[in-house]
Every structure is written in C-alpha cells, then in structure tokens.
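Input: a single structure, listed below in structure tokens.
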Amino acid sequence: MHVDWDYPAPFVQTLEAATTDIDALGHVNNARYLRWCEAIAWRHSAMLGLDETDYVKLRRAMAIHHAEYDYLKACFPGDRIQAGTWITRCDFKLTMERRFQLTVAGETVFRGRWQLICINLDNNKPVRIPPRFTEVYAQAVLNID
C-alpha cells in the first residue's frame, strides 16, 4: 500500500487497533494515539542507538516541552496502522522536534508534533544536549523549515 508520507524516509512501524483501544464512542480513544507516538519514538530512538536505559545511565533525556496533535479520522478495531516518525529539527544545544504521521489504508488519520527539550534527570532542569545524543540523533535529523 502506497503512503504519501509528509517527509522522506520515515521510521515506520505497523500497528493494529485492538478492541481494548476502543472508547465509549466506538472508536480508538485519543489517548491511544499518544501512546502509539511514544512507543514509536522510543523504537526509533533505540534503532538509532539510544534507548531508555541509555537516557537513565547518561542522566539526560529529551522531554516533551510542547505537543500538538491533529486527529483527522477515527480508527476502529482491526485497522492496520502505518505509523511514521521523523526527527525534523535539532539545534544540538537544547531542543529537538519530532513529528508523527499515522495512516490507515494509505490515508492519513493523525499527525503529531513534539517540541523536545533536553533535561538533566537529577533535577529536571534544561541542560545542553550531550555529545552522545548529538552523535546518535544527527544521523536522522531532516532539518525541515
């Protein structure tokens, strides 16, 4: 199935909407889309070379500072979802941006954007992005406008 991705070369995972994802309105609950975004972001980061254990070991993390979501069409049980993500911007000092696009049968059903800030896990305050993060994430940054 062809997908018109918003940006080139997404990291893609296939998901399936389960009956446990459905809310009282009969479609996938909005919060489930956010969990899918979190899961694919971690998988992408791990594939690049940084996972949750690395964040803890380095005592640094990229934390969501601001998030925007557009729910374009409902998903239902059994829908096969292609979830794509990109690191679209990074200043390699303090901030990074990650975007998401979810599709069903080639049609975009959801878009998301996170503005991330590097924090020190000991005090939760902003801190310069460490060299290891720069080394790993630089390979994936699109630097879109």
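Which of (1) under 30 Å from T20 (Cα atoms); (2) assigned to a loop (DSSP other than H, G, I, E, B) does R99 not meet, given it meets every other one?
Status for R99: all satisfied but (2).
Could you look through segment 45-83, keep only residues that are under 18 Å from the mean Cα position of the chain (by Cα), among the aromatic types (F, W, Y) and within 22 Å of A105 (Cα to Cα), and pick out the one that is least open to solvent (accessible area, probe 1.4 Å)?
Taking the candidates together, the pick is Y69.
Restricting attention to segment 2-29, which residues are loosely packed, with under 13 Cβ neighbours inside 10 Å, within 18 Å of the chain's Cα centre (by Cα) and farther than 19 Å from T88 by Cα?
Hits for segment 2-29 are T14, E16.
Are any residues in segment 89-111 farther than 14 Å from H65 by Cβ, open to solvent by less than 10 Å² (accessible area, probe 1.4 Å) and within 13 Å of the chain's Cα centre (by Cα), and if so, which ones?
Within segment 89-111, F100, Q101, L102, F110 qualify.
Would you point out the residue of segment 112-132, among those that are over 14 Å from R98 (Cα atoms), touching a strand residue (DSSP E or B) at 6+ places or on another chain (Cβ under 7 Å) and outside any loop (DSSP other than H, G, I, E, B), that is most open to solvent (accessible area, probe 1.4 Å)?
In this case the residue turns out to be P126.
Only one of these is within 17 Å of F110 (Cβ to Cβ), surrounded by 13 or more Cβ atoms within 10 Å (Cβ to Cβ) and among the aromatic types (F, W, Y): W86, W42. Name it.
Values: W42 fails: within 17 Å of F110 (Cβ to Cβ).
After ruling out the rest, the residue left standing is W86.
Quick one: which of L121, L142, L102 is among the aliphatic types (A, V, I, L, M), in contact with a Lys or Arg (Cβ under 6 Å, 6 or more places away or on another chain) and in contact (Cβ under 8 Å) with a residue 60 or more places away in the chain? Break it down stepwise before answering.
Numbers: L142 fails: in contact with a Lys or Arg (Cβ under 6 Å, 6 or more places away or on another chain); L102 fails: in contact with a Lys or Arg (Cβ under 6 Å, 6 or more places away or on another chain).
Result: L121 is the single residue among L121, L142, L102 that is among the aliphatic types (A, V, I, L, M), in contact with a Lys or Arg (Cβ under 6 Å, 6 or more places away or on another chain) and in contact (Cβ under 8 Å) with a residue 60 or more places away in the chain.
Which condition number in (1) within 16 Å of I144 (Cβ to Cβ); (2) of a type in the set (A, V, I, L, M); (3) not in a strand (DSSP E or B) is the one that M1 fails?
Here M1 meets the rest and fails (1).
The values are calculated or read from the model by the stated rules, or taken from the named source; none is laboratory data. Everything quoted here is computed from the prediction, not taken from an experiment. As a convention, Cβ positions derive from the backbone with ideal geometry for all residues, glycine included, and neighbour counts pool all protein chains shown. Side chains are part of the model used for accessible areas, which takes the heavy atoms of the whole protein and leaves out ligands, DNA and RNA. Shrake-Rupley method; radii C 1.70, N 1.55, O 1.52, S 1.80 Å.
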